[in-house]
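Encoded as structure tokens, the structure appears first; notes follow it.
The values are calculated or read from the model by the stated rules, or taken from the named source; none is laboratory data. Since the model is a prediction, treat every value here as computed from it, not as a measurement. All Cβ positions, glycine included, derive from the backbone under ideal geometry; neighbour counts span all protein chains shown.
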Amino acid sequence: MQLNSNIHLPGFEAFTIQKSEEVDGIYYLHVDREVKNHRCPACGAYTSNVHDYRVQKIQHTRIFGRQVYVFYRKRRYVCRSGCGKRFYEDNPLVERYQRQSMEMKQAVAMELIHGKSFRDVAHRFDTSPTTVIRRFDYITAPLLDETQTLPDVIAIDEYKGDAGGETYQTIIADPVNRKPLEILADRRKETVKNYLRKHGERVKMVVMDMSHSFKAAVDQALGHPIIIADRFHFCRYIYWALERVRRQEQNAFDDYDRKKCKRMKHVFYKQPETLTDKQAWYLERYLQKSAYLKRAYQLKEAYRLWFETAKENGSKHLGATKAHLYEFYDLVRESGVTEFEQAIGTLQNWQKEIMNTFGFELHNGYIEGINNQTKVLKRNAFGFKRFDRFRAKVLLHHQYKKLDIRVA
């Protein structure tokens, strides 16, 4: 198949296509450049004297859905000004000592950044996973925007990465501007503390889950900044308490109701006004079968009412929010539901950090979203052995996922 002269291929604007052909499903392009004055790299003189030609075979991105190889007839110039230097002509197609075009390397880099696995990218570009990994390692350092100084507000969380011989890694993000800042190799207190001491001189507030290890690291490294407990993590203690009560009480039901109560457990956690008639019927049925379960459910609803009111109050009515929280504590103690008494013990230990949640209206929702995307990246790649590649993969994906640009 011959290429008409009025067809222009992206990336070949500076070349003349001498011949194009398709052999066994592979598209071959034969190209060269016009003779031009080139500056001698040795003496700086200009020359257009051609010394010889050499044909280089270059792998390129697919064209018309076909694998492409370019045969570039490149010329060497010779300096006639006296130094006799021989050098190759400049070209925008391929770098020195490379066998893949710059266009292909750019496309591979973008695919890697956009979250594809190494093997998947290698398959799409008709190359080997090893070549793709080398390309990834090459682009990591210049592209990765390393954080030197943390902002005033940061969020800290852990996730199960299984990389570098560690089960869990720690991620630090900016919850205000919504971007990840750093991934640490593990979740140990010393690791977090050392990083915060080095980069956290500006940090004033930290959003985190209710981890004693993280809290100790933050306090020791940053000198007791404002710690904000993530609302999801302290709310779940209430729902865990209700779950323990449900499991305990349903064991006393007959075999049918025990299994049915387990299948319909979601009705205990939904808001009553959102239940269907069928769901409301089952909820009432099992609350009537156990007075203890009913008290636990009423406590959950009392907590939910407090939480919704606290969000509405925000930072303007923290005194009222705190007073209503004490009323909830009294209600739990009067109820005699042991599981909830244990839950409010945890809430009391973290009460200052919980109140900060409503005072500053910050939470870890964004960082949890990052963790979910990280799990997808990990699953697509069937895991990462090396932590440095896993870290670069996650950070590059989030830094460039909204940019549709070429990268060198």
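Looking only at helices (runs of 4 or more DSSP H) that fall completely inside segment 68-143, which ones have 2 or more residues that are among the β-branched types (Val, Ile, Thr)?
In segment 68-143, the matching helices (runs of 4 or more DSSP H) lie at 102-113, 129-143.
What number of residues in segment 14-56 are charged (D, E, K, R) and touching a residue at least 40 places away in the same chain (Cβ under 8 Å)?
Start the filter on segment 14-56 by keeping residues that are charged (D, E, K, R), which leaves 19, 21-22, 24, 32-34, 36, 39, 52, 54.
Add one more test, that the residue is touching a residue at least 40 places away in the same chain (Cβ under 8 Å), and what stays is 22, 32-33, 36.
Total satisfying the criteria: 4.
For segment 312-334, does any single residue satisfy the condition of being at pLDDT below 95, under 30 Å from LEU181 (Cα atoms) and part of a helix (DSSP H, G or I)?
There is no residue in segment 312-334 that is at pLDDT below 95, under 30 Å from LEU181 (Cα atoms) and part of a helix (DSSP H, G or I).
Tally the residues that are among the hydrophobic types (A, V, I, L, M, F, W, C) and farther than 19 Å from GLN106 by Cβ, restricting the search to segment 65-95. Lay out the reasoning, then the answer.
Taking segment 65-95 as the starting set, the residues that turn out to be among the hydrophobic types (A, V, I, L, M, F, W, C) are 68, 70-71, 78-79, 83, 87, 93-94.
Narrowing the set further to residues that are farther than 19 Å from GLN106 by Cβ leaves 71, 78-79, 83, 87.
Residues in segment 65-95 being among the hydrophobic types (A, V, I, L, M, F, W, C) and farther than 19 Å from GLN106 by Cβ: 5 in total.
May I ask you to list pairs of residues, at least six apart or on different chains, whose Cβ atoms are under 6 Å apart, with the first in segment 376-399 being assigned to a loop (DSSP other than H, G, I, E, B) and the second being surrounded by fewer than 20 Cβ atoms within 10 Å (Cβ to Cβ)?
Between residues of segment 376-399 that are assigned to a loop (DSSP other than H, G, I, E, B) and residues that are surrounded by fewer than 20 Cβ atoms within 10 Å (Cβ to Cβ), the close pairs are GLY383/ASP162.
Name the single residue, out of those in segment 164-180 being buried (at least 18 other Cβ atoms within 10 Å of the Cβ) and either modelled with pLDDT under 90 or not small (Gly, Ala, Ser) (or both), that is farthest from LYS193 (Cα to Cα). Give the steps one after another, and end with the answer.
Applying the first criterion (buried (at least 18 other Cβ atoms within 10 Å of the Cβ)) to segment 164-180 yields 169-175, 180.
When the remaining residues are screened for being either modelled with pLDDT under 90 or not small (Gly, Ala, Ser) (or both), the result is 169-172, 174-175, 180.
Working: GLN169: 14, THR170: 12, ILE171: 13, ILE172: 12, ASP174: 18, PRO175: 20, PRO180: 18 Å.
If we take residues in segment 164-180 being buried (at least 18 other Cβ atoms within 10 Å of the Cβ) and either modelled with pLDDT under 90 or not small (Gly, Ala, Ser) (or both), then PRO175 is farthest from LYS193 (Cα to Cα).
Of everything in segment 187-218, what is basic (Lys, Arg) and part of a helix (DSSP H, G or I)? Give them in sequence order.
Of everything in segment 187-218, those that are basic (Lys, Arg) and part of a helix (DSSP H, G or I) turn out to be LYS189, LYS193, ARG197, LYS198, LYS215.
In segment 194-217, what residues are over 21 Å from the mean Cα position of the chain (by Cα), crowded, with 20+ Cβ neighbours inside 10 Å and within 16 Å of PRO151 (Cα to Cα)?
If the condition is that a residue be over 21 Å from the mean Cα position of the chain (by Cα), crowded, with 20+ Cβ neighbours inside 10 Å and within 16 Å of PRO151 (Cα to Cα), then GLY200, VAL203 are the ones that fit.
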